[in-house]
Amino acid sequence: MSMSASSSSRILELLLIFLTLVVAAGCRREKPAHPSGPPRVVTSLFPLYDFARTLGGTNFEVVCLTPPGGDPHAMDASPRAAKTVASAQLVLLLGLGMDGWVEKLAVSECQTRVSVASLSIAPRRVGKATLAESTEHAHGSHGHSHKHDENEVDPHVWLDPVFAQQIVQRIAGEMAEIAPQHREAVFSRRDALVGELQKLDQEFTSKLAGVKRRELVTFHGAFAYLFARYKLETAGVIELFPGDEPSAAYLRQLVDLMRRLKMKVIFAEPQLPDRPAQVIAKEIGGRVERLDPCETILPEAPQATYLERQRLNLETLRRVLTEP
């Protein structure tokens, strides 16, 4: 006997209700109770952690899943990270492909609020020409290269102090949502932090306005947003993406480029080995300086803030770019 359309529809409706109840029950069963004490905010990487701990003060517990000195580009989900995410009232992600490993953990937590801090920011593409060049030449000592989409997005939006203000605004709103009893304190700290970021923007603008040189060679392509804001230019990079080791042929091209541009400084990063940069510096008769992408907590200075680290970047840029 054939089943009527209305009967089939009713059965499907009941099945959907049943599945919904099962999923909801699973969430309730698997989700541990939130610990007593301050609301817990879990962040994927340093800039979100630093902004959240500044906004939260003593009213929130803020945790960073990327350990001091860790590489957020290469992190993997672990049972410990999953347990930390499960205990959070709020999980802060950057988005833009930077912290997908945390996102995978967060989406399974039915009672955890998840926020992507970069939603209001227009991302920059890495760029086909530069990416093709990197793919061609990034065959290092390990005999392999990483494959990347030519439309891959640059995630380092936090290095632009103007975009950092937008991120802070979003984080403050999310923290106020999970703990309305602390809303006034969070918004007061937000206003103070945004004011400091506005001041930082003004410092970058004024101190870099009259520099003699605008081109730089950096360790990897982390500074596009910062440089675009203050009219600087990335002339070349050692690694377009972290882990894409450069070949000897590519390093020779980079040396030729720096000689042609009469550049005497190449920038490494404080968290990563600087051997390739030292090799290039020796070839050009120059030296290595450091620019901090502010991606991870510094093991030697875990309390150093985004503002402090960015001001060190500014002083390094100003000093190097005003040299004859």
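Read the figures in this text as sums done on the coordinates, not as results from a lab. Quick caveat: nothing in here was measured; it's all calculated off a predicted structure. Neighbour counts are summed over all protein chains in view; Cβ atoms, including those assigned to glycine, are modelled from backbone coordinates with ideal geometry.
Residues in the range 297-312 carry Karplus couplings, in order, of 5, 6, x, 7, 8, x, 8, 4, 8, 3, 4, 5, 5, 5, 5, 5 Hz; the curve used is 6.51 cos²θ - 1.76 cosθ + 1.60 with θ = phi - 60°, and Gly or Pro positions show x. Counting only residues 5 or more places away or on other chains, whose amide H sits under 5 Å from the amide H of R290 once H atoms are built in the peptide plane? For R290, whose amide H was placed from the backbone, the distant partners under 5 Å are A268. Averaged over residues, the count of other Cβ atoms within 10 Å places the peptides 284-296, 73-85, 216-228 in the sequence 216-228, 284-296, 73-85, highest first.
Here the spin labels are modelled as points 7 Å beyond Cα on the Cα-Cβ line, and at K264 and V194 they lie 4.4 nm apart.
If you take the C-alpha gyration tensor of the range 189-249, multiply each eigenvalue by 5 and take the square root, what semi-axes do you get, largest first, in whole Å? Numbers along the way, then the final one.
Working: eigenvalues 172, 55, 8 Å².
Taking √(5λ) for each Cα gyration eigenvalue gives 29, 17, 6 Å.
Near V114, the amide H atoms lying under 5 Å from its own belong to V91; only residues 5 or more places off or on other chains count, and H is placed 1.01 Å from N.
What share of Cα pairs, in percent, lie more than 20 angstrom apart in the range 204-324?
Details: 2974 of 7260 pairs.
For the range 204-324, the share of Cα pairs beyond 20 Å comes to 41 percent.
In this simple spin-label model, placing a label point 7 Å from the Cα along the Cα-to-Cβ direction at both K212 and L312 gives a separation of 2.7 nm.
How long are the semi-axes of the equivalent ellipsoid of the range 165-219, defined as square roots of 5 times the Cα gyration tensor eigenvalues? Whole Å, largest first. Don't skip to the end; give the middle numbers.
On the way: eigenvalues 236, 34, 6 Å².
Here the semi-axes work out to 34, 13, 6 Å.
In sequence order, the range 161-173 has phi-based couplings of x, 6, 5, 4, 4, 5, 5, 4, 4, 5, 4, 4, x Hz under the Karplus curve 6.51 cos²θ - 1.76 cosθ + 1.60, θ = phi - 60°, and Gly or Pro positions carry x. Shape index of the range 154-259: Rg/Rh, with Rg the Cα radius of gyration and Rh the Kirkwood radius from the inverse mean 1/r over Cα pairs, equals 1.15.
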